[in-house]
1. Looking only at strands (runs of 3 or more DSSP E) that lie completely in the range 42-85, which have at least 2 residues being surrounded by fewer than 13 Cβ atoms within 10 Å (Cβ to Cβ) and modelled with pLDDT of 85 or more?
2. Identify the residue in the range 93-105 that is farther than 19 Å from Tyr126 by Cβ and not β-branched (Val, Ile, Thr) and, among all such residues, is surrounded by the most Cβ atoms within 10 Å (Cβ to Cβ).
3. Give the residue that is surrounded by the fewest Cβ atoms within 10 Å (Cβ to Cβ), with candidates limited to residues of the range 218-247 that are touching an Asp or Glu at 6+ places or on another chain (Cβ under 9 Å) and modelled with pLDDT of 70 or more.
4. Would it be correct to say that Ser119 is more than 20 Å from Lys31 (Cβ to Cβ) and among the small types (Gly, Ala, Ser)?
5. Counting just the residues of the range 133-167 that are part of a loop (DSSP other than H, G, I, E, B) and among the charged types (D, E, K, R), which one comes out modelled with the lowest pLDDT?
6. Would you please list the contacts, defined by Cβ atoms under 8 Å and residues six or more apart or on different chains, that run from a residue in the range 56-75 that is touching a residue at least 40 places away in the same chain (Cβ under 8 Å) to a residue that is assigned to a loop (DSSP other than H, G, I, E, B) and acidic (Asp, Glu)?
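The values are calculated or read from the model by the stated rules, or taken from the named source; none is laboratory data. Keep in mind that this is a model prediction, so the values were computed, not measured. No Cβ is skipped: glycine too gets one built from the backbone with ideal geometry, and neighbour counts run over all protein chains shown.
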Amino acid sequence: MMKKYKPVTLTLHHLKGCSNYVFITCCALNKDVIQPDPVIVTQLGQSVSLTCFSRSHFIRVSWFKQTVGEKPLLMASSYFHTKNSFYSNNFNKDFTETKRLSVKSGVDSCNLTISKTESGDSATYYCGAMVESELKFGEGTVLINVHTMNLLTLFRFRSVQPGDSVILNCTINTETCAGEHSVYWFRHGSGEYHPGIIYTHGDRNDQHSCVYNLLKRNLSLSDAGTYYCAVSSCGDIVFGNGTKLDIDHKRYF
């Protein structure tokens, strides 16, 4: 199963745990180069296709990969007229031998496909197109590989009044919960184009269950929306199913 999310503003958070992990999403817009999927979440071992297209005629399209704390690395370049593709030394084996990576060019488009995704594929991928002698970049696609774990968000729906306080819960049941975890909370409001990101902690209540709480005080109408939790442990990320928070302004007035 693959989930796609709308764009979010530039946000970097270091998570505590077995390894550093950072969500990096880009807010810089480019009218010529479009990467329609800013965030893609997929299970390890599945295949995923990253899309890039240009509203203007391009000469060459290049794909870059940027992992946490590293500079962007050129992966491949594809030329429109000749249909030839060239691969950098760092990625040549995956393109030519294992065939785990591939690029496919179309009319003003160039897609990057990653087969049998691995944990090392989690990164931000940028598409750069040579348009009218100028290299222009898309806003990037963040690829997140997750393991299948039993994660549950309690209370799928909550209705409160303005000024109230509420505690949202996120529970993860897994034997790997022996160490410290880190948590992201996403809020996607009704009618909003992008979800907001909230960073918080939670404490274990026993050795087999991790419970994380998000306290929201003095709620206003702008707090309404669906809240999702994402738990990070040793570089792996799992997502909850979401809790919809409704602010009942009619009762308030």
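1. Values: elements: 48-50, 58-66, 73-79.
Ranges flagged: none.
2. Residues of the range 93-105 that are farther than 19 Å from Tyr126 by Cβ, as a first pass: 93, 96-100.
The next check asks that each one be not β-branched (Val, Ile, Thr); those that pass are 93, 97, 99-100.
Details: Lys93: 13, Glu97: 8, Lys99: 12, Arg100: 17.
Filtering the range 93-105 for residues that are farther than 19 Å from Tyr126 by Cβ and not β-branched (Val, Ile, Thr), the one surrounded by the most Cβ atoms within 10 Å (Cβ to Cβ) comes out as Arg100.
3. Pass one, the range 218-247, residues touching an Asp or Glu at 6+ places or on another chain (Cβ under 9 Å): 218-219, 224-225, 233, 245, 247.
Those still in the list that are modelled with pLDDT of 70 or more too: 218-219, 224-225, 245, 247.
Numbers: Asn218: 9, Leu219: 17, Ala224: 19, Gly225: 21, Leu245: 21, Ile247: 22.
Once the filter is applied, the top-ranked residue is Asn218.
4. Numbers: more than 20 Å from Lys31 (Cβ to Cβ): yes; among the small types (Gly, Ala, Ser): yes.
Criteria met by Ser119.
5. Taking the range 133-167 as the starting set, the residues that turn out to be part of a loop (DSSP other than H, G, I, E, B) are 133, 138-140, 147-149, 154-156, 161-165.
Then keep just the ones that are among the charged types (D, E, K, R); that gives 139, 156, 164.
Numbers: Glu139: 87, Arg156: 64, Asp164: 90.
Out of the qualifying residues, it is Arg156.
6. Ser56/Asp32; Ser56/Asp108; Ser56/Glu132; His57/Asp108; Phe58/Asp108
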